[in-house]
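The block underneath contains the structure these notes are about, expressed in structure tokens.
Each reported figure results from applying straightforward, stated rules to the coordinates on display, with no laboratory input. The shown structure was predicted, so the numbers you read here are calculated from the model rather than taken from an experiment. Methodologically, a virtual Cβ is constructed for each residue, glycine included, from the backbone with ideal geometry; neighbour enumeration extends over all protein chains shown.
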Amino acid sequence: MAWLMAASASSPRSSSASVQPVPPYERPALTKGYLFPPDKKPARLPGFHTCVGSGGQRQTAEWYKENGIEVLYEDPVVAFDGKTQTLKTSSGKILKYGSLIISTGCEASRLPEKIGGKLPGVHYIRDVADADSLVSSLGSAKKVLVIGGGYIGMEVAAAACGWNLDTTIVFPEDHIMPRLFTPSLAKKYEDLYQQNGVKFIKGALIDKLEAGSDGRVSSAVLKDGSVVEADTVVVGIGAKPVVGPFEAVGVNREVGGIEVDSLFRTSVPGIFAIGDVAAFPLKMYNRIARVEHVDHARKSAHHCVETLLTSQTKAYDYLPYFYSRVFEYEGSSRKVWWQFYGDNVGETVEVGNFDPKIATFWIDSDSRLKGVFLESGTSEEFSLLPQLAKSQPIIDKSKLQAAASVEDALEIARSSLQSAASV
Ligand SMILES: Cc1cc2nc3c(=O)[nH]c(=O)nc-3n(C[C@H](O)[C@H](O)[C@H](O)COP(=O)(O)OP(=O)(O)OC[C@H]3O[C@@H](n4cnc5c(N)ncnc54)[C@H](O)[C@@H]3O)c2cc1C
């Protein structure tokens with residue numbers, strides 16, 4: 001079977017860049033090790049090509065060649081014809097396919113140009129060229145403004161601390177990581193950022209970004225009229241699935257992305273979708289979801305290819321998993337590394353004082369453990385989390401609340417797992 005892959009995210013966007021087109025890489029590095037200051041050993045390609053993050057082989061250009069996969073760089077697919085089973089690329093190439101796997105991922109959501117979203121000094125991060133451009137701004141920045149209190153915002157703000165820059169984060173919610181963190185958990189992290197000099201402006205929306213006399217961004221005006229000075233702005237306001245030119249294959253209007261079944265088959269025979277762009281049945285929680293995380297990108301790819309190459313009919317049964325690692329540069333006074341597995345629904349029990357550990361347990365009305373979060377665990381402790389979230393054991397909430405430490409709480413959770421198994 002011949003494999004062909006079209007890639008475009010790694011292509012340089014700026015005419016000044018001498019960036020070479022490169023094969024796919026692990027994007028999480030772009031807001032973590034890639035943003036370390038130059039004297040703190042920043043990550044650079046080819047160090048983090050796919051799939052090093054999961055301990056797999058490093059898929060360099062040679063790897064693709066050796067494995068018989070032709071990669072077309074800087075030549076995205078611009079048209080799709082399901083009847084003739086052909087794709088057209090921007091250079092005019094016509095590609096005939098037998099089976100097609102759509103893995104076009106997401107693109108960063110942008111602020112409109114009319115409110116300054118394209119001013120020099122305003123950054124979005126999706127690819128290496130974006131990260132290079134940000135690194136170049138950070139090198140001469142005085143005041144950094146991060147828009148958005150989610151993953152990208154928090155990781156970039158932590159990176160800016162490594163550069164000792166005056167950093168402010170602005171977001172509309174009342175705490176960081178609003179889709180995952182409880183207010184109490186968020187406060188622990190916010191305090192840490194504040195100890196590192198980061199300022200927070202909560203409950204605020206951007207009205208416009210303004211340019212100084214040199215044409216670069218110089219400030220942000222908030223909806224309440226207040227002004228925040230900044231020579232470097234990083235916008236982390238989410239991402240949108242890249243469905244074009246494949247809309248005709250079937251888009252899920254609720255969660256966005258291309259709708260697939262539990263084997264990643266779209267409604268068109270022979271066409272599959274995986275990764276960030278796939279709207280798939282999240283079997284455990286009986287809902288259609290899109291998951292924008294590497295773990296799902298890898299697992300969905302495996303599952304889809306197995307479906308394609310074998311007669312497997314096993315439904316994809318994904319357990320949601322999120323993680324982040326920040327403040328990991330040399331000389332940082334405190335590293336942060338957390339993992340979350342499961343669903344953040346129900347009541348919560350928080351254990352620990354963030355010194356350095358803290359754990360949060362989400363428990364539903366039937367006393368089932370639905371989700372679990374752990375900061376600064378050992379590898380053994382982290383490995384318990386997926387078992388808990390997958391098994392959803394009945395847990396004694398009052399025992400958890402009385403736990404003297406995170407270790408005790410995890411032991412209580414572990415024993416609930418054992419008692420569930422012995423019933
Ligand atoms: C800065 C950043 C930090 C992140 N941090 C984390 C993290 O800490 N943990 C985590 O789990 N996840 C993280 N993620 C998310 C993670 O990187 C994504 O979930 C993952 O990359 C999804 O893989 P994918 O293959 O579905 O899509 P992508 O990695 O986006 O790849 C899509 C590919 O398709 C190409 N493409 C798009 N349209 C076309 C077209 N028309 N023709 C040809 N090719 C096309 C793109 O150019 C790209 O090469 C982060 C993402 C970013 C951007």
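So what are the ³J(HN,Hα) numbers for the stretch 117-124, from phi and the Karplus equation (6.51, -1.76, 1.60; θ = phi - 60°), rounded to whole Hz, Gly and Pro as x?
x, 10, 5, x, x, 9, 10, 10
Note down the relative contact order for the stretch 335-422 as a percent, whole number, built from C-alpha pairs under 8 angstrom at least six residues apart.
29 percent
For every helix of n ≥ 4 consecutive DSSP H residues, a contribution of -39,500 (n - 2.57) applies; sum these over the chain, divide by its total residues, and give [θ] at 222 nm rounded to the nearest 500 deg cm²/dmol.
One gets -7000 deg cm²/dmol as the mean residue ellipticity at 222 nm.
Once phi is turned into ³J(HN,Hα) by the Karplus curve 6.51 cos²θ - 1.76 cosθ + 1.60 with θ = phi - 60°, what whole-Hz value does each residue of the stretch 59-72 show in order, with x for glycine and proline?
Result, ordered by residue: 8, 7, 4, 5, 4, 5, 4, 4, 9, x, 10, 8, 10, 9 Hz.
Any of K118/K142; K335/K357; K93/K118; K114/K223 with alpha carbons more than 22 Å apart? Name them for me.
Long pairs (Cα-Cα over 22 Å): K93/K118.
Rg and Dmax of the chain, using alpha carbons, in Å: what are they?
For the chain, the Cα radius of gyration and maximum Cα-Cα distance read 22.6, 72 Å.
Write down, largest first, the equivalent ellipsoid semi-axes of the stretch 318-423 in whole Å, where each equals the square root of 5 times an eigenvalue of the alpha-carbon gyration tensor.
One finds semi-axes of 24, 14, 12 Å for the stretch 318-423.
For the chain, what proportion of DSSP beta bridges, expressed in % and rounded to the nearest 5, is antiparallel?
65 percent
What residues qualify as long-range amide H neighbours of A279, i.e. H under 5 Å apart, gap of 5 or more or another chain, H built at 1.01 Å from N?
Long-range HN contacts for A279: I258, E259, V260.
Determine ³J(HN,Hα), in whole Hz, for all residues of the stretch 156-167 in sequence, where each value follows from phi through the Karplus function 6.51 cos²θ - 1.76 cosθ + 1.60 and θ = phi - 60°; x replaces Gly and Pro.
Running phi through 6.51 cos²θ - 1.76 cosθ + 1.60 with θ = phi - 60° gives 5, 4, 5, 5, 4, 4, x, 8, 6, 9, 5, 10 Hz.
Packing-wise, with mean Cβ within 10 Å as the measure, how do 32-38, 55-61 rank, highest first?
32-38, 55-61
If amide H atoms are built 1.01 Å from N in the plane of the peptide, which residues on other chains or at least 5 residues away come under 5 Å of the amide H of C106?
Residues meeting the criterion, in which the H sits 1.01 Å from N, are V242.
Compute the relative contact order of the chain as a whole-number percentage, counting only Cα pairs closer than 8 Å that sit 6 or more residues apart in sequence.
Relative contact order for the chain comes out at 12 percent.
Amide H neighbours of R126 under 5 Å, counting only residues 5+ apart in sequence or on other chains, H built in-plane at 1.01 Å?
Hits under the 5 Å cutoff: A131.
Springs between alpha-carbon atoms under 10 Å, Gaussian network over the chain: tell me which of I288, I94, I237 tops the mean-square fluctuations.
So, out of I288, I94, I237, the one fluctuating most is I94.
Compute the signed sum of charges (Lys and Arg +1, Asp and Glu -1) over the other residues within less than 10 Å, Cβ to Cβ, of F48.
+3
Setting aside same-chain residues fewer than 8 positions from K88, which lysines have a Cα under 25 Å from its Cα?
K65, K96, K240
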